[in-house]
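The values are calculated or read from the model by the stated rules, or taken from the named source; none is laboratory data. Everything numeric in this text was worked out from a predicted model, so none of it was measured. Neighbour counts run over all protein chains shown; Cβ positions are idealised from the backbone, glycine included. The accessibility values were calculated without ligands, DNA or RNA, using every heavy atom of the protein model including side chains. Shrake-Rupley method; radii C 1.70, N 1.55, O 1.52, S 1.80 Å.
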Amino acid sequence: MSEPRDAPKSPEFDLTFQPAHGEAVPVAEHVQRITVNNPGAFTFHGTNTYIVGDASVCVIDPGPEDEAHFRALMAALAGREVTHIAVSHTHKDHSPLARRLKAATGATIVAEGPYRPARPLHDGEANPFAESSDLDFVPDIALAEGDRVEGDGWRLTAILTPGHTTNHVAFAFEDRGIVFSADHVMAWATSIVAPPDGAMSDYMASLERLLMRDDRVYFPGHGGPVKDPAAFLRGLRTHRRMRERAVLERIRSGDRLIADMVRAIYASTDPRLHGAAALSVLAHLEDLVEKGEVTTDGPARLSGVYRIG
């Protein structure tokens, strides 16, 4: 899921992507991609499901409960043993089909854990993305940082990448230089970080964790590959720092409400996406309040009044 595009300078996004909905497309040795036909403002051309392995395989992010996608996935898996189903996070475009696929194959579901918000709801606060979360998801095995999932000829390592959601995890295809980055890093857009599901401080720390690695390509949850991960990660980090500075500049110029900041920072963005943009600004404000650079009465919230600390 992506955030609205875009105000301060962004990384070099790549919008060239042929989804080939319903087809198993080889994207690397021992890796196929099937894209769900669920395009949208936050999903681009659809959610990517990956099949890792040959005779014995792991399915990464089986996707939403979608009949056509399930049939396409089962056709691609015909004659192969599915030992594991790896789920990056519990948004409904990524995880629900895991249950049906497990019932059909007997595979073990692995993920960081069930849905949980990054923080408790404040008094009177509603979770704007509650309807987007798979609240019934429970993995068979909960993964910690560095845990491995192995099969015949493949091994995946869990890289915990909270931020977009608290339970977000990426998977490194060991010895291949490949990371399945899900919604944390995507070539076509920046990921939305929306409280209370996600937290900006977590997201930035997860970028730093990935920057410590030396991978050659990322296969994300939406869109095409990230072909120069280190440069792209640095661009994402710069983008977020510029967004933070833009929020601070709006407050210094007299804006006190998130709605006013959004109108200025996202002036070129479709107004229909300003609600999501407000959540992104709130994520930055939560971080700035925690660091003492901005003050507000009580906890940071969408209706808060903000001042320089």
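Before moving on, here are some points about what is shown:
- The chain - charge dipole about Cα centre, Lys and Arg +1 at Cβ, Asp and Glu -1, debye rounded to 20: 720 debye
- Radius 15 Å from Cβ of ARG213, net charge of other residues (Lys, Arg +1; Asp, Glu -1): -2
- Applied to the stretch 268-282, the Karplus parametrisation 6.51 cos²θ - 1.76 cosθ + 1.60 on θ = phi - 60° returns per-residue 3J(HN,Hα) values of 9, 8, 3, x, 5, 9, 5, x, 5, 4, 4, 5, 5, 5, 4 Hz, with x for Gly and Pro.
- Shape call, the stretch 144-277: gyration tensor on alpha carbons, a/c limit 1.5: prolate
- Rounded to whole numbers, the Karplus 3J(HN,Hα) couplings from phi for the stretch 180-193 are 8, 8, 6, 9, 6, 9, 10, 6, 8, 6, 7, 7, 6, 10 Hz, using 6.51 cos²θ - 1.76 cosθ + 1.60 with θ = phi - 60°, and x at Gly and Pro.
- Close amide H pairs (under 5 Å, H built 1.01 Å from N) link ALA86 with VAL59, ILE60, ASP61, VAL110, residues at least 5 positions away or on another chain.
- Inter-site label distance for ARG234 and GLU174 at 7 Å from Cα along Cβ, in nm: 3.0 nm
- Computed over neighbours whose Cβ is under 12 Å from that of PRO117, the net charge equals -1, Lys and Arg +1, Asp and Glu -1.
- The alpha carbon centroids of the stretch 40-97 and the stretch 111-136 are separated by 23 Å.
- Per residue, the accessible area of the stretch 215-263 comes to 43 Å², computed with a 1.4 Å probe over protein heavy atoms only.
- Using every pair of separate Cα atoms, the Kirkwood estimate puts the hydrodynamic radius of the stretch 128-169 at 12.3 angstrom.
- Close amide H pairs (under 5 Å, H built 1.01 Å from N) link HIS222 with ASN48, residues at least 5 positions away or on another chain.
- Short-range pairs are left out: with C-alpha atoms under 8 Å and at least six residues apart, the relative contact order of the chain is 17 percent.
- Once the C-beta distance of ALA144 and GLU67 is scaled by a Förster radius of 35 Å, the resulting FRET efficiency is 0.50 to the nearest 0.05.
- With at most 16 other Cβ atoms within 10 Å, longest stretch of the chain clear of loop GluC sites (Glu not before Pro) (DSSP): 175-292
- Per-selection Rg to Rh, the stretch 188-239 - Cα, Kirkwood hydrodynamic radius: 0.96
- Here the accessible area of the stretch 235-309 is 50 percent carbon and sulfur, with a 1.4 angstrom probe and all protein chains present.
- Selection from PRO26, PRO96, PHE42, by position along the positive dipole direction of the stretch 1-123 (Cβ): PRO96
- The orientation-averaged projection of the convex hull spanning the C-alpha atoms of the stretch 259-309 amounts to 3.3 square nanometres.
- Alpha-carbon Rg with Dmax, taken over the stretch 1-153, Å: 16.6, 53
- Residue by residue, the stretch 225-234 carries 3J(HN,Hα) couplings of x, 8, 8, 10, x, 4, 5, 5, 4, 4 Hz when phi is fed to the Karplus relation 6.51 cos²θ - 1.76 cosθ + 1.60 (θ = phi - 60°); x denotes Gly or Pro.
- Electrostatic tally near HIS21: other residues with Cβ closer than 15 Å to its Cβ, Lys and Arg +1, Asp and Glu -1, net -2.
- Across all Cα pairs in the stretch 218-309, the calculated P(r) in 10 Å bins from zero up to the longest distance comes to 16, 43, 28, 13, 1 percent per bin.
- Bridge orientation summary for the stretch 163-309: considering DSSP beta bridges with both residues in this region, about 65 percent are antiparallel.
- When Cα extents along the principal axes in Å is computed from the coordinates, the matching label among (i) 64, 38, 34; (ii) 89, 47, 36; (iii) 71, 49, 32 is (i).
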